[in-house]
Amino acid sequence: MNKPTVRTRIAPSPTGFLHLGTARTALYSWAYARHHGGQFVLRIEDTDVERSSQESVQQILDSMHWLGLDYDEGPHYQMQRLARYHEVAEQMIAAGSAYRCWATPEELDAMREAQRARGEKTRYDGRWRPAPGKVLPSPPAGVQPVVRFANPLHGTVAWDDLVKGPIRIANEEIDDLVLLRPPPPDAPAGTLGVPTYNFAVVVDDRDMGITHVFRGDEHINNTPWQINLFRALGAPLPQFGHCPIILGDDGQKLSKRRGAVSVTAYEEMGYLPEAMLNYLARLGWSHGDDELFTREQMVQWFDGSHLARSPAQWDPAKLAWVNAHYIRAADDARLAALVAQQLAHRGVDAGSADALVAACALYKDRCSTVAELADWIGLMFVDVQPRAEDLAAHVSDTIRPALQDLRERFGGIAWDKVSIAAAMKEVLAAHKLKMPQLAPAVRVLVCGRVQTPSIDAVLALFPRRTVLHRLRLI
Ligand code: GLU
């Protein structure tokens, strides 16, 4: 038999930004599909109606686009598929693999309370589960039933996880999952109830022909139910790969409280998408000792092996190193457009991005983010405030006459790097000074920084009038 085409998916819930962990599973799913010449599907799991928002959907789509994770199908929206979940639930009821349960929340609470009192594990006790010879009570009036899965009572569920290896669990350990809940009591007639996560996922993964599921390992406990559901539906099982969570640099789960966790935040801080992809890929997967690789290499190498079993730690310093590499490699015009955006967000009008291209070429070697690049380039547009200690250390009385002279010469030369360098040399000779005395003073006054790239190149980027203005002796 021919192997089915590889189809993977990412299924984010639109209850916030695209989390870095989800971005990483999206990347693995995407790369795996691309590696095998298969398809990658985007599905929006919006059944948590209270917490889902269109704004969040848009952010997810934007982040996927920014990362370049192109999908072949979707976005599919679960809330547009309610009729389908009801259809499958009805088929399962007819086939005996699901049943209606009229137990009220109060009754279920009392049931669990009694189980706890007896020292038992709390679980649904199967009171509405049909069985040969069992007489069920008549459905109570005024109660809307849920639909439950008749999970196999015996045997084991086992799978060979692509990340974690073999996993097995006894069916005795898991109870009859709710598949569908009734609509709220005040909903208009005809409103369809919403499926639970496990049910919707299985119906969708089956209908969408998903062959490989990569997701966070917080879902490992759901997988036995899902496997049983696939079996009950007579559907082929996908292969599962559960990736460990990402830890913050303090060893705790990466969370908002400990720094940025959304893709959007990294975009805003001036990381490049290729750097994020590269860094995220390595966070839980390896290809030998390779730390830097292109998207194409990742697609070529990502065959589902070498996925790490233990949690990776988010390392801002390494991300900065990876980003610095891609900034150095980036085209200056592209960087200039990104810097112009950064500056615009800060309320700084840098004019046209064209003017920034040469500045990007000069500064990019020393920057790990576009934001840092914008800090350097912003010096040309926003008044600088040299620090008092820098002024005291570098703009001494010995230097002042030389600075005065330099300012006068700068007024009358061609404004380019070569002429600026020549004027500085003349001043050094005339005042018997050395470059390490003059250059820091100019740097502090013009840039507000003691260290900069070659001062003649830096000054040439500034409008002459700005330099003359800042060299005014304070
Ligand atoms: N909506 C689920 C989540 O965001 C998807 C889990 C899955 O991939 O099955 O965690």
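Things worth noting here:
- Residues in the range 15-123 average 48 Å² of solvent-accessible surface per residue, probe 1.4 Å, ligands and nucleic acids excluded.
- Using every pair of separate Cα atoms, the Kirkwood estimate puts the hydrodynamic radius of the range 383-474 at 12.9 angstrom.
- Dipole orientation for the chain: of the candidates Ile60, Ala275, Trp30, Ala275 has the Cα lying most toward the positive pole (charges on Cβ; Lys, Arg +1; Asp, Glu -1).
- The calculated pair-distance distribution of the range 236-283 uses every alpha carbon pair, bins of 5 angstrom beginning at 0, and gives 5, 16, 20, 24, 17, 8, 6, 3, 1 percent.
- Accessible surface of the range 271-420 [probe 1.4 Å, protein heavy atoms]: carbon and sulfur percent: 51
- For the range 195-320: relative contact order, % (alpha-carbon pairs under 8 angstrom, 6 or more apart): 26
- In this simple spin-label approximation, Glu87 and Leu391 carry label points 7 Å from Cα along the Cα→Cβ vector, and these lie 7.6 nm apart.
- Relative contact order for the range 286-433, counting Cα pairs under 8 Å that sit 6 or more residues apart, in percent: 17
- Net charge dipole size for the chain [Lys, Arg +1 and Asp, Glu -1 on Cβ; Debye, nearest 20]: 700
- Accessible surface of the range 124-254, 1.4 Å probe, proportion on carbon and sulfur as whole %: 57
- Evaluated at q = 0.19, 0.24 Å⁻¹, the base-10 log of the normalised Debye intensity for the range 1-114, with identical point scatterers placed on the Cα atoms, takes the values -1.00, -1.22.
- Taking a ≥ b ≥ c as the square roots of the eigenvalues of the alpha carbon gyration tensor, the range 188-305 is prolate, as a/c is not under 1.5 and a/b beats b/c.
- Packing here is the average count of other Cβ atoms within 10 Å per residue, and on that basis the peptides 119-127, 179-187, 192-200, 261-269, highest first, run 192-200, 261-269, 179-187, 119-127.
- Sorted peptide list for 24-30, 132-138, 403-409, criterion being average Cβ within 10 angstrom, highest first: 24-30, 403-409, 132-138
- A dipole drawn for the chain from +1 and -1 charges on Cβ atoms has a positive end, and of Ala265, Pro105, Leu335 the residue lying farthest that way is Leu335.
- Gained length - Lys318 relative to Val299, 0.36 nm times residue gap less alpha-carbon distance: 4.6 nm
- Antiparallel content of DSSP bridges confined to the range 137-245, in %, to 5: 65
- Check: the range 82-222 dipole with +1 on Lys, Arg Cβ and -1 on Asp, Glu Cβ, in debye: 320
- Apolar share of the accessible surface for the range 32-92: 45 percent from carbon plus sulfur atoms, 1.4 Å probe.
- Packing, taken as the mean count of other beta carbons within 10 Å per residue, orders the peptides 311-322, 368-379 from highest to lowest as 368-379, 311-322.
- As computed over the chain, the Cα convex hull volume per residue (Å³): 206
- DSSP beta bridges in the chain [antiparallel fraction, %, rounded to 5]: 50
- When the Cα gyration tensor is reduced to axis lengths a ≥ b ≥ c, the ratio a/c is 1.5 or higher for the range 54-144, and with a/b above b/c it is classed as prolate.
- Note on Lys425 and Val384: with the Förster distance fixed at 30 Å, the Cβ-Cβ geometry gives a FRET efficiency of about 0.75.
- Contact order relative to length of the range 70-151, as percent, for alpha carbon pairs under 8 angstrom and 6 or more apart: 39
The values are calculated or read from the model by the stated rules, or taken from the named source; none is laboratory data. All values reported here derive from a predicted model rather than from experimental measurement. A quick note on method: Cβ atoms are made from the backbone with ideal geometry, for glycine too, and the neighbour counts reach across all protein chains shown. With ligands, DNA and RNA removed, areas are computed over all heavy atoms of the protein, side chains included. Shrake-Rupley method; radii C 1.70, N 1.55, O 1.52, S 1.80 Å.
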